[in-house]
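The values are calculated or read from the model by the stated rules, or taken from the named source; none is laboratory data. On a predicted model such as this, the values are computed, not experimentally measured, just so you know. Positions of Cβ are generated from backbone atoms using ideal geometry, with glycine treated the same way; all protein chains shown enter the neighbour counts.
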Amino acid sequence: MDIRKIKTKLKKDLSHFRYDHSIRVAKEAKRLAKHYHIDKKKAYLTGLIHDIAKELTEEENNYWIKKGNLSSDLQKEEYKNIKHADIGAIIAKEEYNLDDDICNAIKYHTIGNKDMDMLAKIIFIADKIGRKKLPSNLKQVKQIAYKDLNKSLIYLLEQEKIYIQQKGITIHKNTKELLKALKK
Ligand SMILES: [Fe+2]
Ligand SMILES: [Fe+2]
């Protein structure tokens, strides 16, 4: 499927807000990919579809959880905001037949993973900084991202960690492992 067709399909499937966000993330991912000399087209495409499962109905979510053999834990309330990453990765494979690195970048874009490659890191960061108006902390993330991708990821995750802990929740073990790996 080419980019034009994917855009048409996304426009139909996503809300205006989500589509707009996806385009911004795609553009930022492309810029970062260019900066770090990795496949720009792939980064754009991944950014474009990273939130493909964000607005599915509960019924659709459950269909993909079953079809993709995903953990039924994803149906729990605590996974409400992050399961679209796992489900999106399955859809990217099944419906779009996309490469594994693209699917993994989608899979890892909410809580991260120690096995993230450059593309996955770029998507994770582009998701946060590819926005219309950036608060000062994300402006900082953006600035660092174009100098040192790992450093900007550490900076971002440390902030998220504090934010999450303030809400009385402990960070996901995958995020913890990623932070540890990045700091090595
Ligand atoms: Fe997302
Ligand atoms: Fe997103």
Selection within the stretch 108-121 - within 13 Å of ligand 2 (Cβ to nearest atom) and assigned to a helix (DSSP H, G or I): none
Looking across the stretch 40-74 at residues that are within 15 Å of ligand 2 (Cβ to nearest atom) and of a type in the set (S, T, Y), the single one that is surrounded by the most Cβ atoms within 10 Å (Cβ to Cβ) is T46
Is there any pair linking a residue in the stretch 1-24 that is within 16 Å of ligand 1 (Cβ to nearest atom) to one that is among the polar types (S, T, N, Q), with Cβ under 7 Å and at least six apart or on different chains, and which? L10/S22; L14/S22
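Does E77 satisfy being surrounded by fewer than 19 Cβ atoms within 10 Å (Cβ to Cβ), farther than 25 Å from K176 by Cβ, more than 16 Å from ligand 1 (Cβ to nearest atom) and acidic (D, E)? Break it down into steps so the answer makes sense when it comes.
On the way: surrounded by fewer than 19 Cβ atoms within 10 Å (Cβ to Cβ): yes; farther than 25 Å from K176 by Cβ: no; more than 16 Å from ligand 1 (Cβ to nearest atom): yes; acidic (D, E): yes.
Considered against the rule, which asks whether it is surrounded by fewer than 19 Cβ atoms within 10 Å (Cβ to Cβ), farther than 25 Å from K176 by Cβ, more than 16 Å from ligand 1 (Cβ to nearest atom) and acidic (D, E), E77 comes out as no.
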Look at the stretch 163-183 and say how many of its residues are at pLDDT below 95 and surrounded by 11 or more Cβ atoms within 10 Å (Cβ to Cβ). 5
Please indicate, with yes or no, whether at least one residue in the stretch 129-142 is away from ligand 2 (no atom under 16 Å from the Cβ), surrounded by 14 or more Cβ atoms within 10 Å (Cβ to Cβ) and under 22 Å from K27 (Cα atoms). yes
Verdict on L10 being in a helix (DSSP H, G or I), closer than 21 Å to K128 by Cα, more than 14 Å from the chain's Cα centre (by Cα) and within 15 Å of ligand 2 (Cβ to nearest atom): yes
Looking at the stretch 162-184, which of its residues are in a helix (DSSP H, G or I) and either β-branched (V, I, T) or touching a Lys or Arg at 6+ places or on another chain (Cβ under 8 Å) (or both)? I162, I164, N174, T175, E177, L178, L179, K180, A181
